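Presented below is the structure to which this report refers.
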Amino acid sequence: MLNDLGITLEKVPDTFAEVSIERLPEWDADVLFVLVWSDDQGELLGSPLLLQLNAARQGQVHAVPLFAWGSMSILALTDVLNDLETYLLDQEIDTSWKSAE
């Protein structure tokens, strides 16, 4: 689905355990979607490690519900598409930081 929308993933984890707060710098991207269990994600989203990421500096870190984004249900796909529309449609994403690496 993401490929059909023109969204490319440069790196995809094999497991959820592969991504941890300590390894966030390995996952920096133009946009970062953080799957959360509830509305109480302040500790993660306020983490100094996360705030150092280029996506965070550009205001492109978005908390999204795990129940939808982690589901294989066709009904959850609507929620994911709605989130993608909300966070990405008609937005210019600054990717200039990539050329500085």
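Listing for the model above:
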quantity	calculated
Cα gyration tensor of the stretch 16-90 - equivalent ellipsoid semi-axes, whole Å, descending	21, 15, 11
Cβ-defined net charge surrounding Leu51, 13 Å radius [Lys, Arg +1; Asp, Glu -1]	-1
Highest-first arrangement of 73-86, 22-35, 53-66, where packing means the average Cβ count within 10 Å	53-66, 22-35, 73-86
Dipole magnitude of the stretch 16-90, debye to nearest 20 (Cβ charges: Lys/Arg +1, Asp/Glu -1, about Cα centre)	80 debye
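Here, each number is a calculation from the coordinates, and none is a lab measurement. This is a predicted model, so every value here is computed, not measured. Note that we place each Cβ from the backbone using ideal geometry, even for glycine, and neighbour counts take in every protein chain shown.
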